[in-house]
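Here the structure comes first, spelled out in structure tokens, and everything after it is commentary.
The values are calculated or read from the model by the stated rules, or taken from the named source; none is laboratory data. What you see is a predicted model; the values in this text were computed from it and never measured. Heads up, the Cβs are rebuilt from the backbone with ideal geometry, glycines too, and the neighbour counts pull from every protein chain shown. Side chains are part of the model used for accessible areas, which takes the heavy atoms of the whole protein and leaves out ligands, DNA and RNA. Shrake-Rupley method; radii C 1.70, N 1.55, O 1.52, S 1.80 Å.
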Amino acid sequence: MAAESSEGEEEAKLTGGNQLLVVDDDLREMGKKAAWSVSSCKPGNGVSCLRDDNLETYWQSDGAQPHLVNIQFQKKVRLQLIILYVDFKLDESYTPSKVSIRAGDGFHNLKEIKTVELVKPTGWVYLSLSGTDPRETFVNTFMLQIAVLSNHLNGRDTHVRQIKVYGPRPNPISHQPFQFTSSEFITYSSIR
């Protein structure tokens, strides 16, 4: 269920979550190219827990809301999908219930592009960065910020177990061994 908010960003409600991480072949994980930081964390539950591919570990915030995850890239990148792993069954009041996605060149000009309400999520939650216009399939940005605005059961701190960030592959032909950059080279890339 998607509805327009007064500021123009897209707001959606998501329930459930997927137990298996399934991503299209035409997307690649971009998180390893970024510098990650968080607004606060408990000792032993820092930003490294978001990227360790272990669903048993989690980032736990420590302080007032909103809780922020900042993802900064050295050059402008195309991003299409954010995937969070959250678990209401294990984390209860620590589980995020309202998340805001912001993008920009840096901290000084972040613009909210999407707000999502999560209803008791358990598993991988997919947040598409595509706009309402079919031509807007990705966000071109230097920085992405994920803000946890509220938690379930009015919890103060939050738990997020994993975050994955995906963008389109530079090569439009999937499973091709060469990375051609021009349409002319791609035309001659296959042998008859």
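Among the listed residues Ser48, Ser97, Ser61, which satisfies the condition of being small (Gly, Ala, Ser) and in contact with a helix residue (DSSP H, G or I) (Cβ under 6 Å, 6 or more places away or on another chain)? One residue alone meets the criteria, Ser97.
Strands (runs of 3 or more DSSP E) fully within segment 41-129 that include at least 1 residues being open to solvent by 50 Å² or more (accessible area, probe 1.4 Å): 67-79, 96-104, 111-119, 122-128. Checked against the criterion of being closer than 15 Å to Val69 by Cβ, in contact (Cβ under 8 Å) with a residue 12 or more places away in the chain and touching a His at 6+ places or on another chain (Cβ under 8 Å), the candidates Val125, Val116, Val165, Val148 yield just one match: Val148. Across segment 23-40, the qualifying residues are those that are touching a Phe, Trp or Tyr at 6+ places or on another chain (Cβ under 9 Å) and surrounded by 14 or more Cβ atoms within 10 Å (Cβ to Cβ), and the one among them that is modelled with the lowest pLDDT is Val23. Across segment 3-12, not a single residue is classified as part of a loop (DSSP other than H, G, I, E, B) and either of a type in the set (Phe, Trp, Tyr) or in contact with a Leu (Cβ under 7 Å, 6 or more places away or on another chain) (or both).
Of everything in segment 130-170 that is assigned to a loop (DSSP other than H, G, I, E, B) and of a type in the set (S, T, N, Q), the residue that is farthest from Tyr85 (Cα to Cα) is Thr132.
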